[in-house]
Amino acid sequence: DRAKNADNRKALILALGANGIFDKELAYEAFCIYAENGNPAAMNNLGIMYLKGWGTTVNPSKAIEWFERAGAAGCADGYVNAGLYQRSQGDLDKAREYFNCAIDNYHATGFYMLGYMAYHGEGITPNYNLAFKHFNDAASFGDISAIYMLGECYKEGKGVEADEELSKLYFDKA
């Protein structure tokens, strides 16, 4: 929605100020207002503020709450950020749940992260066929990391028949 995107831009511009230096406290206050008014991008940004302790104290529980609210309101970045946080904490099952929510909203990073976890066997037995599928889905959205990993899959014959020509094509594209 254009009005909500405009609100988010206003909050960022306000936080940058005339001198271009990011004012974390001002950003936190602005994102609180816009998030409470239902702006999904501001909800996600507020989650980041709580996770990093920018303009407020570090509070991972509140960060996850705002990431979930952002995702439910249509900002799939919230699900990705929640997944990345859970992965960093070692809760790979919860991370996968969040990434699956992101792919339900056609988010390239959600596809990429599920592919990455399947390829490297994070919390599951490595599954190269599944990894290739997720990398291919993410690449269809232009995700450069996924395009690179398709090159790796073709080079190593993981999840697909090895093909040096296709491997080079994907590496060059990435």
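Suppose we filter segment 34-58 for residues that are over 14 Å from residue 81 (Cα atoms) and surrounded by 15 or more Cβ atoms within 10 Å (Cβ to Cβ); how many remain? Walk me through it before giving the result.
So the first thing to find is which residues in segment 34-58 are over 14 Å from residue 81 (Cα atoms), and the list is 34-39, 53-58.
When the remaining residues are screened for being surrounded by 15 or more Cβ atoms within 10 Å (Cβ to Cβ), the result is 34-35, 39, 54-56.
Summing the residues that are over 14 Å from residue 81 (Cα atoms) and surrounded by 15 or more Cβ atoms within 10 Å (Cβ to Cβ) in segment 34-58 gives 6.
Of all the residues that make up segment 131-154, how many are among the β-branched types (Val, Ile, Thr) and open to solvent by less than 30 Å² (accessible area, probe 1.4 Å)? It would help to see each step written out before you state the result.
From segment 131-154, those among the β-branched types (Val, Ile, Thr) are 144, 147; that's our starting set.
The next check asks that each one be open to solvent by less than 30 Å² (accessible area, probe 1.4 Å); those that pass are 147.
Here the count works out to 1.
Is it true that some residue in segment 22-31 is within 22 Å of residue 87 (Cβ to Cβ), within 21 Å of the chain's Cα centre (by Cα) and open to solvent by less than 10 Å² (accessible area, probe 1.4 Å)? Spell out how you get there, then give the answer.
So the first thing to find is which residues in segment 22-31 are within 22 Å of residue 87 (Cβ to Cβ), and the list is none.
For segment 22-31, residues within 22 Å of residue 87 (Cβ to Cβ), within 21 Å of the chain's Cα centre (by Cα) and open to solvent by less than 10 Å² (accessible area, probe 1.4 Å): absent.
Which residues, counting only those in segment 59-77, are surrounded by fewer than 22 Cβ atoms within 10 Å (Cβ to Cβ) and not hydrophobic (A, V, I, L, M, F, W, C)?
Result: 59, 60, 61, 62, 65, 68, 69, 74.
Could you identify the single residue in 88, 61 that is more than 15 Å from the chain's Cα centre (by Cα), hydroxyl-bearing (Ser, Thr, Tyr) and either closer than 16 Å to residue 44 by Cβ or modelled with pLDDT of 95 or more (or both)?
Values: 88 fails: more than 15 Å from the chain's Cα centre (by Cα).
One residue alone meets the criteria, 61.
On the basis of being outside any loop (DSSP other than H, G, I, E, B), in contact with an Asp or Glu (Cβ under 6 Å, 6 or more places away or on another chain) and among the hydrophobic types (A, V, I, L, M, F, W, C), does residue 135 make the cut?
When the stated conditions are applied, residue 135 does not pass them.
Would you check which residues across segment 138-165 are in a helix (DSSP H, G or I) and more than 18 Å from residue 80 (Cα to Cα) and list them? Let's see the steps before the verdict.
First, the residues of segment 138-165 that are in a helix (DSSP H, G or I): 138-139, 144-156, 164-165.
147, 148, 149, 150, 151, 152, 153, 154, 155, 156, 164, 165 - these are the residues of segment 138-165 that are in a helix (DSSP H, G or I) and more than 18 Å from residue 80 (Cα to Cα).
Restricting to segment 95-130, what's the tally of residues that are in a loop (DSSP other than H, G, I, E, B) and either in contact with a Phe, Trp or Tyr (Cβ under 9 Å, 6 or more places away or on another chain) or open to solvent by 30 Å² or more (accessible area, probe 1.4 Å) (or both)? Break it down stepwise before answering.
Here is the first cut: in segment 95-130, the residues in a loop (DSSP other than H, G, I, E, B) are 105-107, 121-127.
In the following step, the residues that additionally are either in contact with a Phe, Trp or Tyr (Cβ under 9 Å, 6 or more places away or on another chain) or open to solvent by 30 Å² or more (accessible area, probe 1.4 Å) (or both) were identified as 105-107, 122-127.
So the count comes out to 9.
The values are calculated or read from the model by the stated rules, or taken from the named source; none is laboratory data. Just so it is clear, the model here is predicted, and its values are computed rather than measured. When we count neighbours, we look across all protein chains shown, and the Cβ atoms used for this are built from the backbone with ideal geometry, even at glycine. Heavy atoms of the whole protein, side chains included, go into the accessibility calculation; ligands, DNA and RNA do not. Shrake-Rupley method; radii C 1.70, N 1.55, O 1.52, S 1.80 Å.
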